[in-house]
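See below for the structure under consideration.
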Amino acid sequence: MMIRRLFVIILFVSAALPAASQFISEIIEYQPAPGQLINTSFGIPDAANSIIGITNGMVSLGGFGGYIVFRFSEPVVNQTDNPYGIEFTIFGNPMPAWAEPASVWVMPDENNNNLPDETWYELAGSDYFFSTSRTNVEQIYTNLSDSVRWENNFSESGYIRRNSFYKQPYFPDKQYFNTIDEVSYTLTGSQISGNIETSEGIVKCYPRLFGYADNRMRTSNLPNVPDNPYTPQTENCGGDAFDIAWAVDNDGNYVDLESITFIKVQNAISGYSENVGEISTEITGACLVTPNAQLQGETDALVLNFNSDTIYNDYIDLEIFAFENGRLNRNVEFEIESNLNGLTIDSESVLHASHSGKADITLKLIDNPNVSVSLSTYFKFSEQDTSEVFKNSAPVILPNPVTSDAQILNVKQAKIVIYDRYGKQIGNIQKYSDNQTINLSFLAKGLYFLEIVSASEKYCLKLVKL
Ligand SMILES: [Ca+2]
Ligand SMILES: [Ca+2]
Ligand SMILES: [Ca+2]
Ligand SMILES: [Ca+2]
């Protein structure tokens, strides 16, 4: 009796288990950016090798631009009849509100020399077409005695500082990385917006819909049965599922690749938060999909790039993108549902409001109303809203220069947006009212611009932080 039961269980499990050849067979290159796990057991070449053959290894890619290149033993063929069209799943260690998304790139070995010496094609994820996403970001890291400084070709700069958990140097050490210069080196890649939210003391970096690694949580199900990347809920093994058909060239045009040999995973976010340090992708392994024609699901998707609590206008140009099997589909029409009467969306995706008020909005594909996105905002543009914003004279910051607490006089109620001297938005106060005191001690020393926005007017004030 015991023997028979055991036999049945083994048969059941082995029917779906992945073969050894479905896991990563070789690490070709590991070039991390500086980060809190670099030079620890999770950030050295041995760590890179830990993701071969399994899905529970662990390697850190460090900050923005850090990457790893790996392959499976055989070329990976683009199969449209795979579940949801997916070829492989990459696993990381994200949490529900803490993703560290990495872009994924593929390369065929057309010259058959077993080397990744041809063209990398990015698998364009859900955020690829957003105006807040960039390609060809060159980030230079410089090794300072107690931190790492970075600068990029968009005139931005910052530091990766040591935190209290990991006290070792964060710049890749010569003893592990003999191809990385000891003083400075440059990493180039695609970047998506960090969207780091630190409200209420909790740091959040939300997962993107599809197309990024270390983004979505895994389950304990078999790793060769993939998640449907087009739905926000988790199916099958979870993790991040990839379709070779998402490949784009340098100009963002889709390319049809029959098969690929090399895969590069590269941290796509330059982000830092006080509590958790720099955003640094971790990868634990990857697994090829087992073909299964029965496994099907929704393959339309909608994504929205939107985070305005208040719109001081009667329209907003929405960044909304529809995808069909993960490829951008511009020929779609939307229907709109909202509690606020008089809202419409035109063929250019501009949302128009006829009244001020709080709006909870759902946009659906007309051809497939099962696929939708929602947003909440406040339209604030009508006469009764605007008349009370500013008092008789222009706004003034006191004191200026400031060391910590400040007040903005002559503002009854407005939104305040803080920009650094490069014009990059670094913070905002959604509702500033009536000489309220604000604490600006979080700003580094330097020059800033405060934009004070009401429904009818905008003021820009210079602020010096000491
Ligand atoms: Ca495919
Ligand atoms: Ca992670
Ligand atoms: Ca080659
Ligand atoms: Ca899903």
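Test of understanding: ordering Asp314, Asp405 by Cβ neighbours within 10 Å, fewest first, what list do you get?
Asp405, Asp314
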- Message: Could you give each residue of region 409-426 its phi-based ³J(HN,Hα) in whole Hz, using Karplus coefficients 6.51, -1.76, 1.60 with θ = phi - 60°, and x for Gly or Pro?
- Response: 7, 6, 10, 7, 7, 7, 9, 10, 10, 9, 10, 7, 6, 8, x, 8, 5, 10
- Ranking Ile90, Ile438 by Cβ neighbours within 10 Å, fewest first, what do you get? Ile438, Ile90
- Message: As I understand it, the value is the acute angle between the Cα axis of helix 2-14 and the longest principal axis of the Cα atoms of the chain; what does it come to in degrees, rounded to 10?
- Response: 60
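Using unit Cβ charges (K, R positive; D, E negative) and no other charged atoms, how large, in debye to the nearest 20, is the dipole of region 388-465 about its Cα centre?
200
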- In region 276-313, which residues have a backbone nitrogen under 12 Å from the label point lying 7 Å from Glu337's Cα in the Cα-to-Cβ direction? none
- Once you have the Cα-Cα distance between Thr198 and Asp360, take 0.36 nm times their residue separation minus that, and quote the gain in nm to one decimal. 56.0 nm
- Computed FRET value (nearest 0.05) for Leu466 with Asn112, which takes r as the C-beta separation and R₀ as 56 Å: 0.35
- Item | Simple label model, 7 Å out from Cα along Cβ direction - Asn250 to Asn178, nm | 3.3
- May I ask you to compute the full-extension gain from Leu447 to Ser25, defined as 0.36 nm times their residue separation minus their alpha-carbon distance, rounded to one decimal in nm? 146.8 nm
- Which of rounded, prolate, oblate describes the chain, given a ≥ b ≥ c as roots of the alpha-carbon gyration tensor eigenvalues and a/c under 1.5 marking rounded, otherwise prolate only if a/b is larger than b/c? oblate
- region 93-200: trypsin sites (Lys or Arg not before Pro) in DSSP coil with no more than 13 other Cβ atoms inside 10 Å: Lys167, Lys174
- Query: Exposure proxy check: Lys415, Lys364, Lys431 ranked by fewest other beta carbons within 10 Å?
  - Reply: Lys431, Lys364, Lys415
- Residue-span extension gain [Ser73 to Val396] - 0.36 nm each, minus C-alpha spacing: 109.7 nm
- Computed E for Asp309/Leu144 - FRET, C-beta separation, R0 35 angstrom, nearest 0.05: 0.40
- Candidate aspartates and glutamates - alpha carbon under 19 Å from Lys364, same-chain residues fewer than 8 apart omitted: Asp127, Glu298, Asp300, Asp317, Glu319, Glu324, Glu333, Glu335, Glu337, Asp346, Glu348
- Place a point 7 Å from the Cα of Gln425 in the direction of its beta carbon; the residues of region 333-353 whose amide N falls under 18 Å from it are 350-351
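Scan the chain and report its longest stretch carrying no GluC sites (Glu not before Pro) that are both in a DSSP loop and have at most 15 other Cβ atoms within 10 Å.
1-109
Every read-out reported here was derived from the displayed coordinates using simple, explicitly stated rules and does not represent laboratory data. For clarity, every value in this text was computed on a predicted model and none was experimentally measured. Glycine also receives a Cβ, built like all others from the backbone with ideal geometry; neighbour counts cover every protein chain displayed.
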